[in-house]
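Have a look at the structure below, then the notes.
No lab work stands behind these numbers, since they all come straight from the coordinates. These numbers were taken from a predicted model, which means no experiment stands behind them. As a convention, Cβ positions derive from the backbone with ideal geometry for all residues, glycine included, and neighbour counts pool all protein chains shown.
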Amino acid sequence: MAAARATDAGAELYDFAAELYPICRSITGNGLRATLDAIGRRIPLKRHEVPTGTRVFDWKVPLEWNVEDAAVLDDAGRRVVDFQAHNLHLVNYSEPVRATLSLAELLPRLHALPERPDWIPYRTSYYRRSWGFCMRAHERAALRPGRYRVQIQSSLGKGALSYGELAIPGRTRDEVLFFSHACHPSLANDNTSGLSVATALARWIAGARRRLSYRFVFGPGTIGALAWLKRNEQRLPRIRHGLVLALLGDPGPLTYKMTRAGGREIDVIAPHALGATAHTIPFNPYGYDERQLNSPGFNLPVGRLTRSVNGGYPQYHTSADDLSLITPAALAESLRACQRIVELLEENEYYVNRCPKGEPRLGKRGLYGALGGAGPKVEEEAMLWVLNQSDGEHSLLHIAHRSGLEFATVRSAAQALLRARLLRPSGGPVPGKRRVAA
Amino acid sequence: MAAARATDAGAELYDFAAELYPICRSITGNGLRATLDAIGRRIPLKRHEVPTGTRVFDWKVPLEWNVEDAAVLDDAGRRVVDFQAHNLHLVNYSEPVRATLSLAELLPRLHALPERPDWIPYRTSYYRRSWGFCMRAHERAALRPGRYRVQIQSSLGKGALSYGELAIPGRTRDEVLFFSHACHPSLANDNTSGLSVATALARWIAGARRRLSYRFVFGPGTIGALAWLKRNEQRLPRIRHGLVLALLGDPGPLTYKMTRAGGREIDVIAPHALGATAHTIPFNPYGYDERQLNSPGFNLPVGRLTRSVNGGYPQYHTSADDLSLITPAALAESLRACQRIVELLEENEYYVNRCPKGEPRLGKRGLYGALGGAGPKVEEEAMLWVLNQSDGEHSLLHIAHRSGLEFATVRSAAQALLRARLLRPSGGPVPGKRRVAA
Amino acid sequence: MAAARATDAGAELYDFAAELYPICRSITGNGLRATLDAIGRRIPLKRHEVPTGTRVFDWKVPLEWNVEDAAVLDDAGRRVVDFQAHNLHLVNYSEPVRATLSLAELLPRLHALPERPDWIPYRTSYYRRSWGFCMRAHERAALRPGRYRVQIQSSLGKGALSYGELAIPGRTRDEVLFFSHACHPSLANDNTSGLSVATALARWIAGARRRLSYRFVFGPGTIGALAWLKRNEQRLPRIRHGLVLALLGDPGPLTYKMTRAGGREIDVIAPHALGATAHTIPFNPYGYDERQLNSPGFNLPVGRLTRSVNGGYPQYHTSADDLSLITPAALAESLRACQRIVELLEENEYYVNRCPKGEPRLGKRGLYGALGGAGPKVEEEAMLWVLNQSDGEHSLLHIAHRSGLEFATVRSAAQALLRARLLRPSGGPVPGKRRVAA
C-alpha cells in the first residue's frame, strides 16, 4: 500500500516533469511563463514580472527573448538543423537572423560534441548578442560544402523577467526557502525534475499546519535569483534554513551540498534526514543558485539537494538529459527525502527548561515510574536528557546526537515535557545563525 | 610500611562501612540521623534539618518516615518475610499497614528478581503513598495459598529531612564540593563505601592547611541534594570543582564521570590523577546527585568518582550488594585516588609571570647554571616553560601537557620561581569556568 | 642557468660565512663590531651601541669584553692551549689572568668533551666573572704534571653592547622582523650561516618595492634581543610576522618552529612556502631569540627557521661546527626558502569583495567566457572562490586551502578581480593577530 502510493507519487512526479520537458525555457520569455503557469495549476503560485532594464545589484534584467522558429536550410531547402525537432538546436538567446552563408562561414556557429557524436549540446548566450546552433557531431560532419540559409525567427525586446513565488505561512515567522531554477529548456533532470519535486513538496507542505513558514521560488538561474534577492532583501533575516532543489530524477545517490558557513542547522538536519546512503559534499561557489544565496553579502543558511551534481553525469547539458534519464522511483525518493528534511526542521526545536534548577518532579506529573530502585526506562532517560540539555543552545537533534538516543525518542520526550509545561520553545541560540554541534 | 599503612587504611575504611551497613536509612528519618551521627563521631559534621513541607524548587520535603518493624506472617504465625532479617525486605517508605490478605491479594505487593532468585531487590516509594515487600524469588515461589497477615509498624509524619555538612576553610575562598548520598539502607557499595571514603577524605584534608576550601555534604539523594542547593544557592559561584563520591568499594576500575559542560578543570585533573588504568566516561543526566548539581540552572563543575557505575554490576540495588562485595583494598585505593585528585587540585595553580617581557635572569638568582654553552637541565627547561606560559590562562597541568614534562617537575619549577618572586598566583582565567586544554 | 645562479648564490653565501667565521665574537666587543661592519659593507646597516650598565628589563648590559691573547704555557714555555690557534680555546668572557698553577689546580678550568676527544667545546661565562679554557680531550689527557703559566690578556670594562639594524620601508607600515644572533665566535653553522643568509635576504628584499616593511636585526643573543626589544617597545604592535634565522648551512632539512601562540599567519605561510620536505616543530621556550620575542609580555608572531635545530647535530657548540659542516647548496636553499616565505607574505593578502551581494557580472568585464552551458575554466572557478570568500576574514592562502586550488591560481584570480575593481585590500581580521585556518 505504501509502496503503491510511492509508485503513484513517482508516476505523478514523472508525468509533471514530462509535461514541462518540451517547453523551450530561457531566463525570460513565454516558455518560462508557460512553465510557471503549469506549476501554478498545481499550487497557488504568484507570478512576478521584473521589467527589462531593472538594475539588480551588479546586473541588469536583459531584453526579453522569445523564439518562434529557427533552422538552417541547405540549398535543397531541407532543414538540416531544426529548432522544431529539438529546442536545444538553437543557442539560447540567439538574436534574429536571416542570412545565407557558405559552409565555412557557418561552421563556427555550429556547436557539437565530437566525443559524444549523437548528443546535442546545450549552449546559451544571454549577455552577449550572438546566434548559433547546436547539433550532433556526426550530422555536423556530414554537412556538404555549399550555401546554407539561416533563419532565426526570434525577438529580443523590452519585456520582463518572470519568476513564481509561493509563501506558506506557519505558526512562526521563521522561514524555510526552497529555490529551483526554471530557465533550462528541454533538459529533464536539469531541471524539470527539480521543478516537479519542488511543486509536489510545496503542495504537501501546504496540506498541513506547520510550525515554520515556507517560501518556494521558481525562477531563472542567477539573474532570477538575484532579482528575487533584490526584491526581498529586507526579509532575508527571516530565512532560517533553505535548500536549492535541482537534478532530482537521475539514478545517482542523493547529495547534500553544505552552506558556505557550514555548521548551520540545515547542514546537520539534511545529512541526518537523508541517512547513511546519501552523500554530503562541501560548499563550493559554483553550481546553482546556492552561489547567489551564499555570496558573502547574503551568506544565507541555504544548502542544496541534488542526486548527481552539476557536471557530474555524462548527459549533463546535452540532449541526452532527457526523459529516459529520470525515473519515477528516483523522483519519489527525492520527494520523500525533502519531506523528511521538512519534518526534521519542523521537529528540531530548541527548548528552554522552565525548571532548570535540579530535576523537576516527573513522578507527580505521571512521567516517571512510581516505584524507585530499578533503572529508568528509555522514555525516562530521554526526558532527563531533554531537561538537562534544554538551555536554548541545544536542539533536539543535538540532544539525540549527544545522548545516542533516537531522534524520535527524544522528540516524544520533549512533547511529553511540553505538555507538562516543563519546557518552553526557544528561538534557538542566535537568529539566522543557529548552529548544531554534530 | 607504606603497604602496611595502606592495609590499615583499608581496614579502617572497611570497618566504618561495616558499621554503617546494618542501619536502615531512607531519605528522612532516624536511620539517616544515626548515619550522620556515626560520621559525626569521626569528623565535626554539622547536622541540618529541613522541615517537612519545605518547598525545594519543584519539590517539597516529604513526611518523615520511620519504621520499627515489618513482617508478613503466614497462618501459622511464622514471619515469612521479615524486616528484622534484612531491612531491604520492606519497600522503603512503606506506609503503616495491619491487614490480612489472601496470597493472590498479597503477591502484587511482593517484589522479587526471578533471574536472581537468591537476592532481595531494593525498592522505594518515596513520593507515592504505598507499601510492599521485597524478597528472594525462590522464597516468594514457595509461598502456599492461604491467608497472610501484614504488619508494618512504620510512621509517616511531620518531621524533617536531615543532612550533614562540613566546611574546611582554606587560604582562598575557592571551594571544592564533595557530595555523598546517605539514603540507601543496607547496601554496602551503594553507598556505605562512599560515606566511608568521604569521611576519611574529609579527615585527611582537615589534617593540613590547604590552599582551597572544602565542603562535604552527606545527605539523601535528589531531595537532599536539592535542599542543600536551595539553602546554598548564593554560595554556589564559589564552587570551583567538585566530585560526587559513591560506589567506591567494589572491585571494578576507578571511573570518572565528566561534568555536563565538559572541559572543566576537574575534567582534566581527575583523569590525570587517576592515571591510565582508570576509566573516564561522558556526562549523562542519570546517576547520583551529579544530576542535580549539573542541571542547566546550576551547571556546576562537579564530576563523579565511582568504581563500578550505577546499574553497572549485577549486585546493584540488591541484597547481594553486601559487605562481601567491597574490600579494604578497593576502599583504600579509592581514598588514595581522592587524595591524589585533591593534591592535584591544590597544586594545579595558575600563575602570572611577574617579569613577562623577555626571560628574567635566572642565573643571578641561582636558578640556572653559570657556565653557558651546554644545554639546559630539565629543571631549567621546566622553569622556561613555566615562565613562558604563565599568563594567567594556563595551569601547571596545562604546562605539563604542552611541554611533555612531568607534572611534578613543572610544579617544582614553579615553586622555585615563586620563591624567587618571579611568579604570582592568579585566580585562573574565568571564575567558575576555568578550562584547561588537554 | 637558474642552477648556475643558484650555485653562484651559494658560493657567495658561503664566502661571506667564511669571511665571518674567524672573528672572535661575543655579546659585546670589537669582534661583534667587526661582524656588523662586514655585514654593513653589504647592506646599509645602522649600528647601535647600548652602554654598559643600561637596564634592560630584568637585565643589565654587562661590561664590554675584549681579548688580545690567551694561552696556557707549560714549563718549557710551549703554548699547550692557544687562543691564537682557535678562539673557542678561551671560555668566552674570561677575565684577565696572569698566574702560575699546578696541573691539579688548572684541570678544573680546562673544559673538554671526553666522548668527542678531537673537538673543542664552546663555553661562556657572561654573567659570572670567571675564566677557563676549552680543549680537545685527548690533549687535555696528555698534559703532564707540572707548573703551568696562564696568560689571559682580556679586558672587562665600561663600553657598550652593539647591534645592527636595517629597516626597509614598504607600502604599508605592517612589518616583518628578521632576527639573527651575531654573538657566537668561530662556529660556522651557528651562526655565520644565519648572518650570511639574512644579509643576502635583506639585500634581495631591498631590491624591489614591497607591500610590507621589513626590519633586520643582527645582535647578540638574549641580551641583544632584549636591548632591541626595550628600545623598540612602542613599535612592536607593527610587527605582523617574523622569523629568527639561524643554523642555515648544515645538511639537515629546513625546519620551521612555530610561534608561542600558534595559528599565526606565519605559522601557515612558512610551512606552505617550505613545502612537504621541510619539518614543522611546535614552539618551546628554549632555542634562540624566539625565546625573548615569544615571551608572554611580547608574544610576537615570530617563528624560527633553521635547518638542524639547536642541540640537534653532534657538532653543535664545538669546534667541529666549522666551515666543512656548511655547504653552498644548503645556504642557497635556505635563502630561497626565506625568499619564498617573503613572497608568500607579500602575496597573501586579505581582500573584501566590493560586490558582495550575489556574483558580479564577470562576463561584461571580460573575465568569464561568453558562451554559457559548458563548465567554468579553472581561472573562472578561482575567481568565484575569491569573490565568495573575500569578506576580510580569509586570506588568499586560506582560499587556496579551502578550494584545493594552487595558491598561484588563486592569487592571479585575485589580481584580475582587483584590476576589475571588484576587490579592495583589507588589513586582515585582527591587527597583529591574524589567523589563517589551515
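For the peptide C:221-231, the mean number of other protein chain Cβ atoms found within 10 angstrom of a residue's Cβ is 2.
Between helix A:328-347 and chain A there is an angle of about 40 degrees, using the helix long axis and the longest principal axis of the Cα atoms.
What is the fewest-to-most order of B:Ser334, C:Ser196, C:Ser324, A:Ser319 by other Cβ atoms lying within 10 Å of their Cβ?
By the 10 Å Cβ count, ascending, the order reads C:Ser324, A:Ser319, B:Ser334, C:Ser196.
For C:Thr318, A:Thr172, what ranking results if the residue with the fewest other Cβ atoms within 10 Å of its Cβ goes first? Intermediate results must be reported in sequence, preceding the final value.
On the way: C:Thr318 21, A:Thr172 14.
Placing the least packed residue first, the sequence is A:Thr172, C:Thr318.
Among DSSP beta bridges whose residues both lie in the protein assembly as shown, state the antiparallel percentage, nearest 5.
Numbers: 132 of 198 bridges.
Looking only at bridges with both residues in the protein assembly as shown, the antiparallel portion is about 65 percent.
Taking every pair of distinct Cα atoms and averaging 1/r, then inverting, what Kirkwood hydrodynamic radius in Å comes out for the range C:323-374? The answer is 15.7 Å.
Ordering B:Ile269, C:Ile27 by the number of other Cβ atoms within 10 Å of each residue's own Cβ, fewest first, gives B:Ile269, C:Ile27. Relative to the longest principal axis of the Cα atoms of chain B, the long axis of helix B:265-274 makes an angle of roughly 80 degrees. Going by the alpha-carbon gyration tensor, a ≥ b ≥ c the square roots of its eigenvalues, is the protein assembly as shown rounded (a/c under 1.5) or, if a/c is not under 1.5, prolate (a/b greater than b/c) versus oblate? Note, shape of the protein assembly as shown comes out oblate.
Per DSSP H run of at least 4 residues, take -39500 (n - 2.57); add these up for chain A, divide by its residues and hand me the 222 nm value, nearest 500 deg cm²/dmol.
Taking each H run of at least 4 residues, the total per residue is -9000 deg cm²/dmol.
For the range A:63-137, the average shadow cast by the Cα convex hull is 5.3 nm², which is a quarter of the hull's surface. Relative to the other identical copies, A:Pro282 shows label-point distances of 2.5, 2.5 nm, where the label point lies 7 Å from Cα along the Cβ direction and values run shortest first.
Net length available on complete extension from C:Arg116 to C:Ser155 is 10.9 nm, with 0.36 nm assigned per residue and the Cα-Cα distance removed.
Between A:Thr7 and B:Ala11, the simple spin-label model (points 7 angstrom out along Cα→Cβ) gives 8.3 nm.
Here the protein assembly as shown is treated with +1 on each Lys and Arg Cβ and -1 on each Asp and Glu Cβ, and its dipole about the Cα centre works out to around 3960 debye. Distances longer than 21 Å among the Cα atoms of the range B:175-328: what percent of all pairs is that? More than 21 Å apart: 42 percent of the Cα pairs in the range B:175-328. Roughly how tilted is helix C:194-206, in degrees to the nearest 10 and between 0 and 90, from the longest Cα axis of chain C? Its long axis makes an angle of about 40 degrees. Pairwise alpha-carbon distances in the range B:276-376 exceed 19 Å for 69% of all pairs. In this assembly of identical copies, the label point of C:Gln339 (Cα plus 7 Å along Cα-to-Cβ) is separated from its counterparts by 6.6, 6.6 nm, sorted shortest first. Taking only the alpha carbons of the range C:349-401, we obtain Rg and Dmax values of 11.7, 33 Å in that order.
Both radii come from the Cα set of the range B:83-210: Rg as radius of gyration, Rh as Kirkwood radius; their ratio Rg/Rh reads 1.14.
Within the range B:82-206, DSSP assigns beta bridges of which about 70% are antiparallel (rounded to the nearest 5). Shape summary of chain B, radius of gyration then Dmax from alpha carbon positions: 25.7, 97 Å.
For C:Gln151, the label point sits 7 Å beyond Cα toward Cβ; its separations from the matching points on the remaining copies run 11.7, 11.7 nm, from shortest to longest. Backbone N atoms of the range B:7-45 closer than 15 Å to the 7 Å Cα→Cβ label point of B:Ala206 belong to residues B:36-45. Computed about the Cα centre, the dipole magnitude for chain C is approximately 1460 debye when only Lys and Arg (+1) and Asp and Glu (-1) carry charge, each at its Cβ. State the Cα centre-to-centre distance between the range C:145-203 and the range C:272-295 in whole Å. One Cα centre to the other: 20 Å. Here the Debye sum runs over all C-alpha atoms of the range B:169-228 as equal scatterers in vacuum, and log10 of I(q)/I(0) at q = 0.21, 0.28 Å⁻¹ comes out as -0.83, -1.10.
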